[in-house]
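Below is one structure, written out as structure tokens; the observations come after it.
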């Protein structure tokens, strides 16, 4: 067996390897271009026409869901009235 000196060396390697990798590969200048491109892709500049279309789509979908729920509720209520009447 190697003894305590070998164990200390192994532990130092286990700790230092991830720290050195983090230090070497987490520098901002390495990823600056990719970050800028990702920001442009995922957060495009404001477009009033597109924003208005999205707002209209949301409103239309909200109204569709609302009417669907109201129809289901009225259908359920009529079923309850019919079952109570019999």
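Any read-out appearing in this document is the output of simple, stated calculations on the displayed coordinates, not a laboratory observation. Computed from a prediction, not measured in an experiment: that's the story for all the values here.
Enter the angle in degrees (range 0 to 90, nearest 10) between the Cα long axis of helix 4-25 and the first principal axis of the Cα atoms of the chain, meaning the one along which they spread out most.
50 degrees
What angle, in degrees between 0 and 90 and rounded to the nearest 10, separates the Cα long axis of helix 28-42 from the longest principal axis of the Cα atoms of the chain?
Between the helix axis and the principal axis of the chain, the angle is about 10 degrees.
Does the chain come out rounded, prolate or oblate, given a ≥ b ≥ c as the square roots of the eigenvalues of its C-alpha gyration tensor, rounded meaning a/c under 1.5 and, failing that, prolate meaning a/b above b/c?
oblate
Helix-derived [θ] at 222 nm for the chain: sum -39500 (n - 2.57) over DSSP H runs of at least 4, divide by residue count, nearest 500?
When only DSSP H runs of four or more count, the value is -31000 deg cm²/dmol.
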